[in-house]
Amino acid sequence: MKQLNIGLFGFGCVGQGLYFALQHSTGFRANIKKIVVKHPHKKRIVDSDLIAYDKYEILDNPEIDVVVELIDNAEEAFEIVKMAMERGKHVVTANKKMLAMNLEELISLQKKNQLSLLYEASACGSIPIIRTLEEYFDNEDLLQLYGIFNGTTNYILTKTIDEGLDYQTALKGAQQEGFAESDPTNDVEGFDPKYKAVILCLHAFGLIIHPDKVLNLGISSLSENDIQFASEKSLKIKLLPVIRKIDDHQITAYVIPHFINNNNNLFKVDREFNGVIVEGEFSGQQFFQGKGAGSHPTGSAVLSDISALSYDYKYSFKKFEQNGHKKFTQKVLLDIYLRLNSKSELEQIIFEEIHSQYYSQDYNYVIGKISLEQLFRSQAYLREQKLFCAVIE
Ligand SMILES: NC(=O)c1ccc[n+]([C@@H]2O[C@H](COP(=O)([O-])OP(=O)(O)OC[C@H]3O[C@@H](n4cnc5c(N)ncnc54)[C@H](OP(=O)(O)O)[C@@H]3O)[C@@H](O)[C@H]2O)c1
């Protein structure tokens, strides 16, 4: 095992989690040479000699062979990662947005410079899903991969069903407990799980889909009526990214809340936990559960990537290399529950079939089949009108 010299960008939640994990791991030879952060006035838990504010103190240091990028800004992170690789440094990152937006360019940079770029922590925290897809399922065709990829929304949804809280109260609680940020948009509107789905789609199906093409409907329009609808039927509401093989040539992907019943393994994945279901053509269903976020769980995933670098590990992107023909499609029908403000909204959101509908003074919904294409076209309207939409199985 070779000694690694690390330059660390970011010393917040995950950066400090990694620092802790490195301090407490045994038999592992990695040394943090420098930590670059943003704000000079902040108190740090490490020696001030280790801290710097100029990115070139890491990028231009020939002793540093591994850059660990753990900052909270996707655009700046992309610049850092590109510069590090152009200078011959391996990179470990947890930045899902940066990765999802730039997968194609990052893969070619990696190939061109013959370097490793590892990012296990970017999708589902401590659940080792990327390497499982890369190493274990590299030869098996997958039928689908879905799950709970976002702990913040799962925490909120658990509180609404288990404790009967309304959405706003549950969100406030999540913010007070540190599970949700003051601006929760990225989580509650489903952007964060979408970025993770895009990353996992590459490793599971060999297909890169730009995040802008993937529908993400979130939970911010959830009303007490929707919560009651679920509770009365002993269902739970989970925000699920789904990536599914339609046929040998087509893959679909979307992020939509789902009503699920207790036959689904995800039913018991509550609070801030994440769960992933991988269904293979031969292996059947696998279920993974673990902490999807947090300082130590995420730090542990970063540590595992650094450890993998010590034996020259690289993702081989086998399915991506073999995939000359797979395409993304939205030509699929979904069984959808849609809560409406008024019946006239159905003129904007066209269902293929309606199975049941209910109208009263303060609660209207329809259940039926609608195409993903149609939902994608209606997403701005759904958000503006605060209509709650969920897949019902
Ligand atoms: N938190 C989680 O549980 C979790 C889980 C999975 C993935 N991630 C991902 O991990 C990354 C880090 O998240 P986090 O929660 O640790 O963020 P955070 O707690 O907000 O910390 C961000 C750190 O980045 C530093 N920073 C910001 N811009 C910088 C720049 N241009 N150059 C150098 N340093 C800069 C900040 O410096 P200052 O200290 O000076 O402010 C801070 O130390 C993000 O991409 C996030 O999506 C987080």
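Roughly how big is the chain's charge dipole about its Cα centre, with Cβ charges of +1 (Lys, Arg) and -1 (Asp, Glu), in debye to the nearest 20?
500
What does the extension gain come out to for Gln357 and Ala380, with contour length at 0.36 nm per residue minus their alpha carbon separation?
Full extension from Gln357 to Ala380 adds 6.0 nm.
Which of the trypsin sites (Lys or Arg not before Pro) found in region 215-265 are loop residues per DSSP with 14 or fewer other Cβ atoms within 10 Å of their Cβ?
Lys233
From zero up to wherever the largest Cα-Cα distance of region 14-94 sits, split into 5 Å bins and tell me the percent of pairs in each.
Pairs per bin, as whole percents: 3, 13, 25, 27, 20, 10, 2, 0.
Could you compute how fast region 130-192 diffuses translationally, taking Rh as the Kirkwood radius over C-alpha pairs and applying Stokes-Einstein at 37 °C with viscosity 0.692 mPa s? Give it in µm² per second.
It comes out at roughly 243 µm²/s.
When only DSSP loop residues count, what GluC sites (Glu not before Pro) in region 112-197 have their Cβ near at most 10 other Cβ atoms within 10 Å?
Glu163
Alpha carbons only, please: Rg and Dmax for region 330-393, in angstrom.
Cα radius of gyration and Dmax of region 330-393 are 10.8, 35 Å respectively.
Run the helix sum for the chain: -39,500 (n - 2.57) per DSSP H stretch of 4+ residues, divided by residue count, reported at 222 nm to the nearest 500 deg cm²/dmol.
-9000 deg cm²/dmol
First select every other residue whose beta carbon is under 11 angstrom from the beta carbon of Leu334; then total the charges, Lys and Arg +1, Asp and Glu -1.
-2
What residues from region 244-273 fall in the zone where the backbone N is under 19 Å from a label point 7 Å along the Cα-to-C-beta line of Ser234?
259-270
Please give, to one decimal in nm, the separation of the simple spin-label points placed at Lys369 and Met83, each 7 Å out from Cα toward the Cβ.
Each label point is offset 7 Å from its Cα along the Cβ direction, giving 5.4 nm.
Taking every Cα atom in region 76-208, find the radius of gyration and the maximum pairwise distance Dmax, and write them in Å.
According to the Cα coordinates of region 76-208, Rg and Dmax are 17.1, 54 Å.
Largest first, please: the extent of the C-alpha atoms of the chain along each principal axis, to the nearest Å.
69, 48, 33
If you take every DSSP beta bridge whose two residues both sit in the chain, what share of them, in percent to the nearest 5, is antiparallel?
The answer is about 65 percent antiparallel.
At 0.36 nm per residue, minus the direct Cα-Cα distance, what do Lys42 and Asn341 gain on full extension? Give it in nm, one decimal, please.
Taking 0.36 nm per residue and subtracting the Cα distance, the gain is 102.9 nm.
Calculate, in nm to one decimal, what Glu140 and Gln168 gain on full extension: separation in residues at 0.36 nm each, minus their alpha carbon distance.
Result for the pair: 5.8 nm of gain on full extension.
Using only alpha carbon pairs under 8 Å that are at least six residues apart, calculate the relative contact order of region 341-393 and give it in whole percent.
After rounding, I find 32 percent.
Counting Lys +1, Arg +1, Asp -1, Glu -1, what net charge surrounds Ser300 among other residues with beta carbon under 12 Å of its beta carbon?
Every neighbour counted, the sum reads -1.
Taking H as built 1.01 Å from N, whose amide H comes closer than 5 Å to the amide H of Val68, not counting residues under 5 places away?
Gly7, Leu8, Phe9, Val92
Coordinate-derived values only; no laboratory data. All values derive from a computational prediction rather than experimental measurement. When we count neighbours, we look across all protein chains shown, and the Cβ atoms used for this are built from the backbone with ideal geometry, even at glycine.
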